[in-house]
Amino acid sequence: MLKINNIHASVEDKEILKGINLEVKAGEVHAIMGPNGAGKSTLSSVITGNEAFEVTQGEIMLDGEDLSELSPEERAHKGVFLSFQYPVEIPGVSVTNFMKTAINESRKAQGLEEMPASEMLKKIKEKAELLDIDRKFLSRSLNEGFSGGEKKRNEIFQMAMLEPKLAILDETDSGLDIDALRIVANGVNKLKSKDNAVVLITHYQRLLEYIVPDFVHVLYDGKIVKTGGKELALELEEKGYDWIKNSVK
Ligand SMILES: Nc1ncnc2c1ncn2[C@@H]1O[C@H](COP(=O)(O)OP(=O)(O)OP(=O)(O)O)[C@@H](O)[C@H]1O
Ligand SMILES: [Mg+2]
């Protein structure tokens with residue numbers, strides 16, 4: 001599904017990603033771990049096409065198609081979803097209305113008609129129930145005054161509604177408590193299928209007890225320096241990143 005070949009990316013002439021290779025197949029969950037500043041969020045920005053970063057080398061393929069010339073919107077319409085480490089607030093736009101607009105824009109890009117209101121409502125109801133989200137929440141202004149956990153819940157709701165092919169969840173530093181961890185985990189587990197894939201960026205070994213990854217990658221100084229199964233996350237927790245540093249040098 002996703003194939004990243006030797007990606008190098010810079011911001012303001014500073015190289016941040018220094019040759020990343022990653023292959024994610026349908027049905028898989030990949031976790032990316034690594035110290036602060038390693039380039040994890042940069043990698044997700046580059047996959048989704050954030051123009052703040054300049055890709056200087058390499059390619060990103062989604063189902064055999066090179067994404068490099070596509071805008072973030074076009075990538076989203078191809079089924080790439082990114083949750084933000086720091087989501088924006090949109091006062092006056094409710095969670096539901098934001099979602100309706102997002103879905104209809106995506107349909108438009110695919111040459112489809114707007115989703116009929118009744119179908120939309122049914123879908124909202126179904127996904128809200130699946131994720132245990134109450135009605136009041138759906139009518140609140142997007143992210144305005146949301147707690148960290150509520151932001152996460154909203155993100156997972158967006159993901160459930162959009163049903164992306166590839167979801168990239170950047171959980172770093174968002175101060176998830178145990179409940180928020182469970183929200184993210186339950187949501188991801190319920191939405192996982194053999195046709196989609198998830199890339200989960202996290203500092204929490206604990207999250208990976210709930211969402212069991214097929215692969216764990218360690219990103220360190222702009223490179224994936226180690227790949228393993230879920231036990232790698234445990235090993236990291238036990239030994240810390242110094243262990244990686246020493247094994248890299
Ligand atoms: N817009 C930017 N301008 C300048 N430097 C940037 C920008 N975005 C990222 N960087 C730098 O790139 C490096 C990697 O940042 P990135 O956010 O990808 O790290 P991260 O692995 O996600 O870290 P964390 O675990 O803290 O979220 C950092 O040194 C950061 O300061
Ligand atoms: Mg980050």
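A few points about this structure:
- Options ALA102, ALA109, ALA180; residue that is in contact with a helix residue (DSSP H, G or I) (Cβ under 6 Å, 6 or more places away or on another chain) and open to solvent by 10 Å² or more (accessible area, probe 1.4 Å): ALA109
- Residue match in region 144-160 (condition: over 24 Å from GLU209 (Cβ atoms), open to solvent by 70 Å² or more (accessible area, probe 1.4 Å) and touching a residue at least 40 places away in the same chain (Cβ under 8 Å)): yes
- Residue count for region 36-55 under the criterion of being more than 14 Å from ligand 2 (Cβ to nearest atom) and either more than 13 Å from GLU15 (Cα to Cα) or buried (at least 22 other Cβ atoms within 10 Å of the Cβ) (or both): the result is 2.
- Test: residue in region 63-71 that is touching a residue at least 24 places away in the same chain (Cβ under 8 Å) and either aliphatic (A, V, I, L, M) or not in a loop (DSSP other than H, G, I, E, B) (or both): no
- Filter pass, LYS190 being in contact (Cβ under 8 Å) with a residue 60 or more places away in the chain and open to solvent by 70 Å² or more (accessible area, probe 1.4 Å): yes
- Only one entry of GLY27, GLY79, GLY19, GLY58 meets the criterion of being open to solvent by 10 Å² or more (accessible area, probe 1.4 Å) and either within 11 Å of ligand 1 (Cβ to nearest atom) or within 12 Å of the chain's Cα centre (by Cα) (or both), and that entry is GLY79.
- Every pair of residues 6+ apart whose Cβ atoms lie under 6 Å, when the first sits in region 27-47 and is within 16 Å of VAL218 (Cβ to Cβ) while the second is of a type in the set (Val, Ile, Thr) and near ligand 1 (Cβ under 9 Å from one of its atoms): ILE32/ILE201; GLY39/ILE16; LYS40/ILE32; LYS40/ILE201; THR42/ILE16
- If the condition is being of a type in the set (A, V, I, L, M, F, W, C), closer than 20 Å to LEU176 by Cα and assigned to a helix (DSSP H, G or I), then region 99-158 contributes PHE137, ILE156, PHE157.
The values are calculated or read from the model by the stated rules, or taken from the named source; none is laboratory data. Small disclaimer: the values here were computed from a predicted structure and weren't measured. Positions of Cβ are backbone-derived with ideal geometry, glycine not excepted, and every protein chain shown enters the neighbour counts. Side chains included, ligands, DNA and RNA excluded: accessible areas come from the protein's heavy atoms. Shrake-Rupley method; radii C 1.70, N 1.55, O 1.52, S 1.80 Å.
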